[in-house]
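As structure tokens, the structure follows; a few thoughts come after it.
The values are calculated or read from the model by the stated rules, or taken from the named source; none is laboratory data. This structure is a prediction, so every number in the text was calculated from the model and none was measured. Because the Cβ atoms are built from the backbone with ideal geometry, glycine has one as well, and the counts that use them run over all protein chains shown. Please note that ligands, DNA and RNA were not included when accessible areas were found on the heavy atoms of the full protein model with its side chains. Shrake-Rupley method; radii C 1.70, N 1.55, O 1.52, S 1.80 Å.
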Amino acid sequence: MKSISITILETSDVHGNIFPINYGNNEPVGLGLTKIATVIKEERSRNRNTIVIDNGDLIQGTPLTYYYVRSGRHKQNPMIKILNDLKYDAVVVGNHEFNYGIDVLQQAIKDSTFPWLSANIVNEEGEPFIGRPYIMVELEEGIKVAILGVTTHYIPNWENPEHIKGLTFNDAFETTKYWVGKIRNDENPDLMIVSYHGGFEADLETGEPTEKITGENQGYRICKEIEGVDLLLTGHQHRSLAGKVNGIPIVQPSFNGQAIGKITLILTKNEKKWTISESRPELIFVKDKKADEGSIELVNEYEVATQEWLDKPIGQVIGNMTIDDPLKARLRDNALVEFINKVQMDVAKVSISNTALFNNITKGFPSNITMRDVVSNYIYPNTLTVIRITGDDVRAALERSASYFILDNGKAAVNPSFATPKPQHYNYDMWEGIEYIIDISKPMGERVVKLSFKGEPIQPEGEYDVVMNNYRAGGGGEYVMFKDKPVIKDIPLDMSELIANYILKRGTIEATVDDNWKVIW
């Protein structure tokens, strides 16, 4: 019998991280495409039968990608430039690919020397909007490998409607089932790879649901219910996974370019048919890898321009607008959150706003503010939406936020459902323009013990115009009470730009805390 070794490499959720630095302070970190490039080159030198796939959420996420979109689009996208050089075989469309608008995505696709895949995102003619649901790759000995790309169909719950106009997001599971059957029948591949920009909705061992079953993540079901899948590449959840589900090798390589997924396959030929006789899924973390000098040189001009922009002074703060303890900042009104809400209300010309601390590394603004401070504190390219909601909706949203907390030995702590398998600190909102108290000693769903607007109790049937980011306005984060509500106004500029403009216009801003809300127990 003849045997051959095949290496499958997967990156996912790189989110614009090329250089191994923290843009907030320029300190070195152990991640990024330049380190991943070293691994890819090493693996290719070991095995000519190597396939490299990116699983999505590639072109958005750092000041470098933001500045490129803002000021450098006459050049090739830096992320694409590196992937072209590394000779990626394919890239799957991720949900964050749409964040900068369809034109930026289409330009990235046009610049690419590799195909982009997504079978379940279709245009108005019902065809894949990027033209390719799958590709066939031929390796040594004539081995035929099919690579099918699918994307979480939950994107309309988050994305700015203008960015996905004319597109339909078909069910990822059903689409995978259809195409795997069709490819098996039409192409008769020796190996069927599904690269799914989505994650797992259930425990990989027990099959017990690990989240509310919304369709956002369907990886477990794909492995259990679809015949003909040989291996599943996943992402979206930012988890570090390498193992097997229902005998199918799976990987999910963390996020921000911290690791690369690797599946080593041994294919054995028996009676003219190749079968998988061995599979080894693993993750290679790049922290201790040396960044590839060729990749650095390729895009260094983008980095130089980004750094100059980040160091541009834009204003000053009177008072303290820093965050020392993120949990404490979520328990009582603080100056940074109040400021961001004030910017949103000023731009939208409404009296009520909500926002979040997106993660636990947000530091707030120092006394002298640069663009670096803005983009490191507001990390997503969100736009703003004003929706009209009822008093009941306000209360329901506050109860959803209140579920962020549990009591642990008499102290406030983060509910594990907001921390695992993926940190979701961005799904806890803090409001300005209303007065409220949350009592986390009470049962979930009954924690809002005070709720008023301009000194009067909020009326259940009353209508209120509220500004929030586009992700939340679409119901993202299980804020279903906001979904499909009347849109009063869309503000198309990115929040980081709105914050910068607000500061530049005034020169000096003041740190204020009006204590309109607090959490008690």
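With a simple spin-label model that places each label point 7 Å from the Cα along the Cα-to-Cβ direction, the separation between residue 227 and residue 413 comes to 4.7 nm.
Loop-located trypsin sites (Lys or Arg not before Pro) across segment 28-101 with a Cβ neighbour count of 14 or fewer within 10 Å are 48, 73, 75, 87, with loop assigned by DSSP.
Using a 1.4 angstrom probe on heavy atoms only, work out the carbon and sulfur share of the accessible area of the chain in %.
Numbers: 9960 of 21270 Å².
The value for the chain is 47 percent carbon and sulfur by accessible area.
Along its principal axes, the chain has C-alpha extents of 81, 50, 48 angstrom, given from the largest down.
Against the longest alpha carbon principal axis of the chain, how many degrees, from 0 to 90 and to the nearest 10, is the axis of helix 172-187 turned? It works out to around 20 degrees.
Can you pull a Stokes-Einstein diffusion coefficient for segment 1-147 at 10 °C (1.306 mPa s), Rh from Kirkwood over Cα pairs, as a whole number of µm²/s? Mind showing how you got there, number by number?
Numbers: Rh = 16.5 Å.
Rounded, D is 96 µm²/s.
Placing pseudo-labels 7 Å out from each Cα toward the beta carbon at residue 327 and residue 285 gives an inter-label distance of 2.3 nm.
The relative contact order of segment 31-166, computed from alpha carbon pairs under 8 Å that lie at least 6 residues apart in sequence, is 22 percent. Surface exposure of segment 44-95, expressed per residue as accessible area with a 1.4 Å probe, stands at 32 Å².
Is the shape of segment 319-400 best called rounded, prolate or oblate, per the rule: a/c under 1.5 gives rounded, else a/b larger than b/c gives prolate, else oblate, with a ≥ b ≥ c the square roots of the Cα gyration tensor eigenvalues? Because a/c hits 1.5 or more and a/b exceeds b/c, segment 319-400 counts as prolate.
Send over a whole-number figure in Å² for the accessible area per residue of segment 254-346, probe 1.4 Å.
49 Å²
Centroid-to-centroid, using Cα positions, segment 246-313 and segment 157-190 are 24 Å apart. Loop-located trypsin sites (Lys or Arg not before Pro) in segment 137-241 (DSSP state not H, G, I, E or B) with no more than 12 neighbouring Cβ atoms inside 10 Å: 165, 212. Helix 293-310 and the longest principal axis of the Cα set of the chain meet at an angle near 10°.
Given the Cα-Cα distance of residue 204 and residue 465 and 0.36 nm per residue of separation, how much length would full extension add, in nm?
Full extension from residue 204 to residue 465 adds 89.7 nm.
Sparse packing (at most 15 other Cβ atoms within 10 Å of the Cβ) combined with a DSSP loop state is found for the following trypsin sites (Lys or Arg not before Pro) in segment 287-324: 287, 290.
Round to the nearest 10 and give me the degree value, 0 to 90, for the angle of helix 102-111's Cα axis relative to the longest principal axis of the chain. In the chain, helix 102-111 runs at an angle near 30 degrees to the longest axis.
Find out how many positive minus negative residues lie around residue 205, taking Lys and Arg as positive, Asp and Glu as negative, among other residues whose Cβ is under 13 Å from that of residue 205. Once all neighbours under 13 Å are counted, the net charge is 0. When shorter helices are ignored and each DSSP H run of at least 4 residues is given -39500 (n - 2.57), the per-residue value for the chain at 222 nm works out to -8000 deg cm²/dmol. Projecting the Cα positions of 268, 295, 307 onto the charge dipole of segment 264-418 (unit charges on Cβ atoms of Lys, Arg, Asp and Glu, taken about the Cα centre) puts 268 furthest along the positive direction.
Averaging the sequence gap over all C-alpha pairs within less than 8 Å and six or more residues apart, then dividing by the number of residues, gives the chain a relative contact order of 16 percent.
A dipole drawn for segment 26-182 from +1 and -1 charges on Cβ atoms has a positive end, and of 78, 175, 133 the residue lying farthest that way is 78.
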